[in-house]
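The values are calculated or read from the model by the stated rules, or taken from the named source; none is laboratory data. Predicted, not measured: the structure shown is a model, and the values here were computed from it. Positions of Cβ are backbone-derived with ideal geometry, glycine not excepted, and every protein chain shown enters the neighbour counts.
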Amino acid sequence: MTRRIRIFDTTLRDGEQAPGFGMTAEAKLEVARQLSKLGVDVIEAGFPAASPGDFEAVRTIAETITGPTIAGLARANEDDIRRCYEAVKGAQKPRIHTFIATSPIHMEYKLRKKPEEVVRAAREAVALARSLGPEVEFSAEDATRSDWNFLVQIFTVAARAGATILNVPDTVGYTTPKEYYDLIRYLIEHVDAPEGVQFSVHCHNDLGLAVANTLAAIEAGATQVECTINGIGERAGNAALEEIVMALRVRRDQWGATTAINTREIYRTSRLLQSVTGIQVQPNKAIVGANAFAHESGIHQDGMLKHRDTYEIMKPEDVGVPESSLVLGKHSGRAAFRARLEHLGYQLTDAEIDSAFRRFKELADRKRTITDHDLMAIVGDEQAHRTVTEVCRLESFQVVAGNERIATASVRLVREGEVVQEAASGDGPISALYHAIDRAARFEGQLLDYRLNAVTEGEDALGEVTVRVRAGDRVASGRGTSTDVIEASARAYMNAMNKILSGAALAVSDDPAPGWQMRAYGD
Ligand code: KIV
Ligand code: ZN
């Protein structure tokens with residue numbers, strides 16, 4: 001009999017907690033939309049008590065995204081749980097996820113509580129959460145370094161107090177497949193839980209075993225797995241969603257289990273996350289890395305040409321990897337362009353097609369081969385800009401730089417109908433350009449982060465720039481794509497600046513950028 005495994009995605013909570021992966025509220029919403037398209041069962045949207053920004057992001061996702069359950073994390077105390085409920089209550093299917101540490105080291109040094117006090121806190125937290133909403137998940141933090149009989153006791157108490165899902169985190173990535181299998185079996189056999197209570201697992205990757213441990217737990221009977229896109233998360237990350245899902249699919253013979261994931265959305269979800277965080281996966285990353293389906297050696301290529309199955313256990317198209325050969329050219333028309341986007345899974349309005357088509361034509365003048373990767377980058381860039389009110393529009397710019405002179409830039413932009421021209425110098429071409437834009441827009445921006453990535457290979461590759469900009473007490477991220485990296489940099493900065501000028505940016509105190517997790521976990 002095939003078992004259905006529930007996918008609990010924690011990219012927006014555990015993933016976002018990792019340094020460098022902080023996302024603004026609007027980026028989180030965009031990722032949540034894509035996770036819903038991907039078909040995850042649960043989106044853990046954040047930790048509402050961590051900051052007002054996190055609360056707002058969870059609330060917005062709960063009120064906007066339909067389909068998956070929307071969960072929020074809460075420590076086992078009344079304030080966190082009530083705050084979490086306020087954030088998730090607008091969801092079609094809300095869930096409160098409460099946790100407390102159960103290992104001797106955490107109880108003694110972090111919580112400074114005796115085991116019986118921890119059990120009491122768990123019981124009260126779950127009972128309160130259950131009085132507010134129908135679905136409550138309870139996690140025993142650092143479960144894999146906890147006493148097994150203590151886990152049986154606390155999970156039994158939590159289930160009787162109303163927890164509907166019992167989660168067994170390998171918080172520090174310490175366990176092994178065999179040990180985790182035995183622990184999950186032991187808990188399933190000994191916890192006295194009402195019918196229907198699910199066992200869930202949550203693995204970190206400190207020893208590179210997160211996916212293997214998760215699969216072992218599925219074999220042992222776990223029916224919910226917690227994971228993140230691209231495996232992002234605290235330290236070495238969490239178990240990677242795409243690896244678990246494809247292992248279950250490719251080796252159905254081993255696990256006899258399925259998920260509701262639309263695997264053709266995997267690549268797009270992975271790319272979106274890379275683009276909103278500005279952090280790329282390594283080329284050899286399983287399933288979504290640039291080399292995951294590339295065959296370099298002569299022997300492999302020869303085998304592939306004779307029969308794909310010689311070296312391919314899954315097809316790139318199964319996970320939605322676009323074709324990297326030429327797909328459209330300079331002379332392609334609007335209908336072919338629209339058809340190709342539809343083939344890639346985009347449903348755009350006529351106005352959106354018009355504007356993306358204009359970008360495509362500009363690109364076709366500059367770039368010899370246009371691939372699906374390029375089309376996805378254009379649409380991603382358009383999406384990033386379309387959702388922001390354009391208070392300022394950059395009409396033109398010029399930058400002069402060299403190793404023996406000071407970089408200078410001049411810009412011409414339109415701010416609320418007024419055309420302004422300004423020039424400035426800087427340490428390099430980008431800083432000169434950003435100073436000139438600041439002057440012309442009467443904006444005092446501080447560049448907090450700047451990242452440049454190539455979308456495809458080759459000299460005429462598209463460059464994708466992501467920035468984080470602060471002005472006064474506001475902070476925003478921006479994205480820009482172009483074959484010219486200076487132009488991509490200008491677009492990214494304008495994108496962030498317009499968010500701040502139009503009032504769509506976060507307050508600095510709510511910015512979930514690197515460092516916020518220190519506030520969140522300080523119990
Ligand atoms: O790793 C962990 O223990 C967690 C819990 C809060 C579920 O992320
Ligand atoms: Zn975790």
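Table: residues versus (1) in the same structural domain as residue 43 (by TED's automatic domain parsing); (2) surrounded by 15 or more Cβ atoms within 10 Å (Cβ to Cβ).
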| position | (1), (2) |
| --- | --- |
| 234 | yes, yes |
| 253 | yes, no |
| 289 | no, yes |
| 317 | no, no |
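Report yes if residue 174 is in the same structural domain as residue 74 (by TED's automatic domain parsing) and either modelled with pLDDT under 95 or part of a loop (DSSP other than H, G, I, E, B) (or both), otherwise no. In short, yes.
Return the residue satisfying two criteria in turn: it lies in segment 1-60 and is polar (S, T, N, Q) and within 16 Å of ligand 2 (Cβ to nearest atom), and of such residues it is surrounded by the fewest Cβ atoms within 10 Å (Cβ to Cβ).
My answer is 17.
Residue count for segment 157-179 under the criterion of being at negative phi and within 14 Å of ligand 1 (Cβ to nearest atom): the result is 12. Just for segment 219-231: of the residues that are of a type in the set (Val, Ile, Thr) and buried (at least 24 other Cβ atoms within 10 Å of the Cβ), which one is nearest to ligand 1 (Cβ to nearest atom)? My answer is 228.
Does residue 135 satisfy the condition of being acidic (Asp, Glu), away from ligand 1 (no atom under 16 Å from the Cβ) and within 24 Å of residue 71 (Cβ to Cβ)?
No: the conditions fail for residue 135.
If you go through segment 9-41 and keep only what is within 16 Å of ligand 1 (Cβ to nearest atom), polar (S, T, N, Q) and either under 21 Å from residue 496 (Cβ atoms) or in a helix (DSSP H, G or I) (or both), you end up with just 11. Sort out which residues of segment 225-263 are in a helix (DSSP H, G or I), within 16 Å of ligand 2 (Cβ to nearest atom) and touching a Gly at 6+ places or on another chain (Cβ under 9 Å), and write them in order of number. Of everything in segment 225-263, those that are in a helix (DSSP H, G or I), within 16 Å of ligand 2 (Cβ to nearest atom) and touching a Gly at 6+ places or on another chain (Cβ under 9 Å) turn out to be 229, 230, 231, 241. The selection criterion, being within 25 Å of the chain's Cα centre (by Cα), within 30 Å of residue 33 (Cβ to Cβ) and without any contact (Cβ under 8 Å) to a residue 24 or more places away in the chain, does not hold for residue 382.
Out of the residues in segment 106-137 meeting the condition of being out of contact with any helix residue (DSSP H, G or I) (no Cβ under 7 Å at 6 or more places or on another chain), assigned to a helix (DSSP H, G or I) and not acidic (Asp, Glu), tell me which one is surrounded by the most Cβ atoms within 10 Å (Cβ to Cβ). Per the stated criteria, the residue is 106.
A single entry from 201, 211 fulfils the requirement of being assigned to a helix (DSSP H, G or I), buried (at least 17 other Cβ atoms within 10 Å of the Cβ) and either in contact (Cβ under 8 Å) with a residue 12 or more places away in the chain or more than 16 Å from ligand 2 (Cβ to nearest atom) (or both): 211. Search segment 427-443 for residues that are over 14 Å from residue 494 (Cβ atoms) and pair each with any residue that is surrounded by 23 or more Cβ atoms within 10 Å (Cβ to Cβ) and of a type in the set (A, V, I, L, M, F, W, C) when their beta-carbon atoms are under 6 Å apart and the residues are at least 6 apart or on different chains. These pairs meet every condition: 432/409.
Quick check: anything in segment 449-460 among the aliphatic types (A, V, I, L, M) and either modelled with pLDDT of 90 or more or farther than 21 Å from residue 364 by Cβ (or both)?
yes
Report whether or not residue 321 is within 23 Å of the chain's Cα centre (by Cα), surrounded by 14 or more Cβ atoms within 10 Å (Cβ to Cβ) and not hydroxyl-bearing (Ser, Thr, Tyr). Considered against the rule, which asks whether it is within 23 Å of the chain's Cα centre (by Cα), surrounded by 14 or more Cβ atoms within 10 Å (Cβ to Cβ) and not hydroxyl-bearing (Ser, Thr, Tyr), residue 321 comes out as yes. Only residues that are of a type in the set (S, T, N, Q) and within 13 Å of ligand 2 (Cβ to nearest atom) were counted across segment 160-174, and they come to 2. Checking 184, 81, 154, 100 one by one, the residue that is within 16 Å of ligand 1 (Cβ to nearest atom), over 31 Å from the mean Cα position of the chain (by Cα) and touching a residue at least 24 places away in the same chain (Cβ under 8 Å) is 154 and no other. The requirement of being assigned by TED's automatic domain parsing to the domain that holds residue 239, touching a Pro at 6+ places or on another chain (Cβ under 7 Å) and either away from ligand 1 (no atom under 16 Å from the Cβ) or at pLDDT 95 or above (or both) is not satisfied by residue 190.
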